[in-house]
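Beneath this line is the structure, given in structure tokens, with notes to follow.
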Number of protein chains: 2
Amino acid sequence: MADPPKRPALRKRYDDRQREVLDACARVFAERGYHGTSIDDLIAATGLARGGLYHYIGSKSEALFRILDDLMGPLLERATAAVEGPDAPPSAVGRLRALTRVWMRQVESHRDHVAVFEQERRTLEAEPVWERVRGDRRAFEVLLVRILEQGVRDGELAVADPQLAALALLGMVNHTALWFVPGGRLDADEVADGFVDLLLDGVRRG
Amino acid sequence: MADPPKRPALRKRYDDRQREVLDACARVFAERGYHGTSIDDLIAATGLARGGLYHYIGSKSEALFRILDDLMGPLLERATAAVEGPDAPPSAVGRLRALTRVWMRQVESHRDHVAVFEQERRTLEAEPVWERVRGDRRAFEVLLVRILEQGVRDGELAVADPQLAALALLGMVNHTALWFVPGGRLDADEVADGFVDLLLDGVRRG
DNA sequence: TTCACACCTTCGACCGTTCGGTCGGTATAA
DNA sequence: TTATACCGACCGAACGGTCGAAGGTGTGAA
């Protein structure tokens, strides 16, 4: 990580290999936890030797940063586009559904990354290093709360406590990192729609 | 932990002190993660010296076991009583509310323990040592799913996917370990009722 | 009521191991 | 021939855990 190659032809190969390595790290971090993972674990998971590994990750904590930043950056970007971009649905219900789908798709494609994020959240809250990741998370939550509040203002929704409703949906989706299996009974969109339907209409009969 | 005192008069003092020590450990584990916590951290948090600490905890991993077992055992016991005991509400809606309240109260009184549980869940799934804790968790989830299924059978509820609805509520409540503050805007029962209302009636207007 | 002794609590120096990280080197490919 | 990829021996620090000793404390025999 200290030295990405200057020659452009090699740059791509380096980037690809680095992503492979970081994905492998994310897998191990998700399984054993960041602090529970030793460098030797990462060596076993990547197939590299000690020196080769450090060539790509710089340090253990730098690897963690990249894993979380590569997760939250794109998520926030896509979420913003889906909710506030030119193609964003006009209704609050539509935007809520779009946001949740983007989010669940990120869980589907970055399951390990999300699991690591959930595991390390409390530590993330403290240290200044994580300000960017923290800021992205906060921005995402604001996006969600804003949809709910607009929905209430427009008369589309009747939410007793938007803050609590947002935390409820946040909990549902983030928790999926623990049980969602790509290729399982439900795919990402089905889970997203299921959650949104639950939140919109509830389960009481009649 | 190797040697609880034989004399009953001293046994109580030992137990009380042990709980103090374990609560302090739980606080640090919740903050820094189990693997991220060193024995020196626990020494600082308890005020004991190395030897004194080991007198009460046996080992770091034994402390973790006690923290999680003391969390899940009582939770399952109270939940079962609230839902299947003689005073259990007759309706599925009532039982759902009772279960969620018991659960949120446990989060309120054992916030650190719950946070540790959430952080270590993935590790817990693997090793055989954790079978009891894992079994308690599974039993709790069964309790919840059963309420939903009975509600459907009795015509009280209309749940498209009881499994998903259970996972949704599980996510909401477990996630509270990250943001719930005792003495904050909402108390445990208010959060529980808020979640259940959300799940029952949804937020769509009309 | 006293006192000696066994039990209990706490201490901190110490141990072997494992940790994250470095660095000088070799192989390879542009 | 030079920039890059990868290796593995090595390092100091920090880790979890042990242990013999010292000091208190409740208790039964005198």
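The table below lists the values:
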read-out: Helices (runs of 4 or more DSSP H) wholly inside the stretch B:97-178 containing at least 2 residues that are out of contact with any Phe, Trp or Tyr (no Cβ under 8 Å at 6 or more places or on another chain), touching a residue at least 24 places away in the same chain (Cβ under 8 Å) and open to solvent by 40 Å² or more (accessible area, probe 1.4 Å); value: B:131-153
read-out: Criterion: part of a helix (DSSP H, G or I), open to solvent by 10 Å² or more (accessible area, probe 1.4 Å) and within 14 Å of chain A (Cβ to nearest Cβ) - qualifying residue of B:Asp41, B:Asp23; value: B:Asp41
read-out: Residues (under 20 Å from A:Asp112 (Cα atoms) and free of Cβ contacts under 8 Å to residues at least 12 places away in the same chain) located in the stretch A:38-58; value: A:Ser38, A:Asp40, A:Ile43, A:Ala44, A:Gly47
read-out: Among the candidates B:Ser61, B:Ser91, residue that is within 14 Å of chain A (Cβ to nearest Cβ), in contact with an Asp or Glu (Cβ under 9 Å, 6 or more places away or on another chain) and open to solvent by 30 Å² or more (accessible area, probe 1.4 Å); value: B:Ser91
read-out: Unique match (being part of a helix (DSSP H, G or I) and within 8 Å of DNA strand C (Cβ to nearest atom)) among A:Tyr14, A:Tyr54; value: A:Tyr54
read-out: In the stretch A:13-32, the residues that are within 9 Å of DNA strand D (Cβ to nearest atom) and basic (Lys, Arg); value: A:Arg13, A:Arg17
read-out: Qualifying residue in the stretch A:145-155 (condition: closer than 29 Å to A:Arg27 by Cα and facing another protein chain (nearest Cβ under 7 Å)); value: no
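The values are calculated or read from the model by the stated rules, or taken from the named source; none is laboratory data. Worth saying up front: this structure is predicted, and the values here are computed from it rather than measured. Heads up, the Cβs are rebuilt from the backbone with ideal geometry, glycines too, and the neighbour counts pull from every protein chain shown. These accessible areas exclude ligands, DNA and RNA; they are computed on the full protein's heavy atoms, side chains included. Shrake-Rupley method; radii C 1.70, N 1.55, O 1.52, S 1.80 Å.
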